[in-house]
1. Once the stretch 283-427 is represented by equal point scatterers at the alpha-carbon sites, with solvent omitted, what log10 I(q)/I(0) does the Debye formula produce at q = 0.09, 0.22 Å⁻¹?
2. Once fully extended, how much extra length lies between T304 and L606, figured as 0.36 nm per residue of separation less the alpha-carbon to alpha-carbon distance?
3. Beta carbons within 10 angstrom, averaged per residue: use that to sort the peptides 562-575, 376-389, highest first.
4. So for the stretch 373-473, taking the charge dipole from beta-carbon charges (+1 Lys/Arg, -1 Asp/Glu), which of G459, I440, A428 sits furthest toward the positive end?
5. As an exercise, use a Förster radius of 51 Å and the Cβ-Cβ distance of L242 and E578 to find the FRET efficiency, rounded to the nearest 0.05.
6. So if the hydrodynamic radius of the stretch 478-527 is defined as the Kirkwood radius over C-alpha pairs, what does Stokes-Einstein give as its diffusion coefficient at 10 °C and 1.306 mPa s, in µm² per second?
7. Quick one: which of 322-334, 409-421 comes out on top by average Cβ neighbours within 10 Å, and what's the full order, highest first?
8. Using only the C-alpha atoms of the stretch 188-281, find the volume of their convex hull and express it per residue in Å³.
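Derivation of every value follows stated rules applied to the coordinates shown; laboratory data play no part. Treat the numbers as computed from the prediction; the structure is a model and nothing was measured. Here Cβ is always computed from backbone atoms with ideal geometry, including for glycine, and neighbour counts include all displayed protein chains.
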Amino acid sequence: MAELRKTYEKRTGRRDEGQSWNQAQTRLSEGDESRRQDRDHLPERSGQNRGGRPGGRRRRKGPRRGIWALLILLVFVAFGAFLLYRRFGPGTAWADYTAVYGAGADSTVVFCNGIQTEGEAVTRNGRIYLPERLAAGADSKWYHSDEGLLLYSLANETVKILPSSSTYAVGGTTVDAGHEICYEENGVFYISADFMADFSGIRITSFPADEKKGLPARVFLDGGGGRYERAEASGKTAVRVLAGKKSPILTKTEAGAALLVMDSVDDWTRVRTEDGFVGYLKTKYLENRQEYVWTSGTKLPEYTSVRLPETVCLAWHQVFSAENNGNLSEYLEGTEGLNVLSPTWFSVTDNQGNISSLADRAYVEQAHERGLKVWGLVDDFDENMDDLLLLSSTAARNHLVDGLMQAAGEAGLDGINVDFEYVKEESAPHFLQFIRELSIECRKAGLTLSVDNFVPSGGRDWYNLREQGQVADYIIIMGYDEHYRGCCAGTNASLGFSEQGIISTLDYVPAEKVVNALPFFMRVWQETPKEHAPADAELYDDGMSVYEGQYARDSKAVGMDAAKQLLDEHGAALEWQEDLGQHYGQYEADGSTWRIWLEDARSIKLKLEKVAEHQIAGAAFWKLGLESADVWPVVAEWRGTMP
């Protein structure tokens, strides 16, 4: 320090006190710093460090600038990842249970075979009770009669239970359930869930509500026994409201959690969890999938069947009067392969269950001599009766069943064929109850019960083929009227339509109970252009005609020989349509075009081959008298190949 002071005095030529010295020292230091900053901006020369002297000390660049740049980069990366995750990653929001179930924590929602139903259960005296409509959704045999009774039809009897009663009679014995079985309140009939489980084998599982989460109580109803699939969760994963990763979360499963598999949508599977939720998870999160059979612990009487030991080959005989019964030999002449006749003998004539009858014991005896069974047909075609009014009345149903059984016994019938074609959705539950009650009496009497049905379609689901198939001996599918009078021109029964009727029915009814009915008739379609149509004719413009623009349309049913004769008389050329399995022909006459999709021996043969292919119970034909003679060798050949 003393040397520095001397240097200062020499440069300035004066001596100052400490303050001047200190100020000078400060100025020297600032000058040095300025020179260092200038050097920092000079380019380095080869072989020199930043100080410009070989071997000199290298000065490091400040670290703060690099750290800040790195931090900013990390922030941008994290924000980008967050945006990508929000857009493409799974949703993390939990479901609003009130919105999902349409009910709050003070309610009890009901699931029937995995589907939430409309309506809720109630709690009474510590037990869960279900509205009769919901109970019937799980087991359609529960039926609330117009007499205010709860009915349940077993295989051999119908159990009747009084409201507010704790007892019921079955098999001649009175049984005490130990609690109120059913009750009526505000016009709604309620059934004890515990009684349903014990009596009919319905599996019932319940889960409590959670007020904090707004989660309602849940009750699950599963049919009495059947095949199910179960699996385990491969890890902790979300079960969502819908099949999508953005869908809200219902619950989360742990690894190894048991799941009941319901169905699948793409790569998602709908499951029921151990904690009572039905939702979707990714299929890849399921493992140890296996089928199991759940058998109800309740032993119910077995539905025995009165079926033929051979393939059914039935023909309907339309009888218009008692005199027609005497023409049976004429109608049977030349037939081959038949083993069942079904004469149209009975019609319901009013809403009290009375019937008209053309039954004839001599007819039955003649058929028996030819080795034919006879199943008398009953229909609902009379304009003086209404299915809803008739079938919703327990007294009218009982009267109808009694009348049929009496007539069958007097005529010596082998079975009854039910042909109710005017059943609407509102009368369907009552129709099913009629079939149950009739089946009980037929089973007791050893009579075969068959029920005619349309080809299954979404428009007639209420016929409930599954329930019919359980109680009836045969379900006959009327595989015709693909195009009918009120519809556009087309085939009466294409090969595909006939086969689809079989396939769709097999979704509900065992193959050994399914009979497919084929037509001996077809429709002759008349199409007339607007300029030639009658003034009062209804006009169509649907693009389905041989004409462009508006046209009038009509049709009539004819038999095989009559249709072929029309085509021959007008010199119409026949074209085989492979996709329909039929010949097609048309001709011009009287200002109209006449179109026919022909049923003949060839088309019937193809349809019978489908019956054999699907190994169902047999075939039926509407009706005797409309067939051509060359059909019967085809029928006989088919019968020869069937068991």
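1. -0.41, -1.34
2. Values: separation 302, 0.36 × 302 = 108.72 nm, distance 3.31 nm.
Computed gain between T304 and L606 is 105.4 nm.
3. Working: 562-575: 14.6, 376-389: 17.0.
Result, highest mean Cβ count within 10 Å first: 376-389, 562-575.
4. I440
5. Values: r = 43 Å, r/R0 = 0.85.
For L242 and E578, the calculated efficiency is 0.75.
6. 133 µm²/s
7. On the way: 322-334: 13.8, 409-421: 20.2.
Averaged packing, sorted descending, gives the order 409-421, 322-334.
8. Working: hull volume 13.0 nm³, N = 94.
Normalising the Cα hull of the stretch 188-281 by residue number yields 138 Å³.
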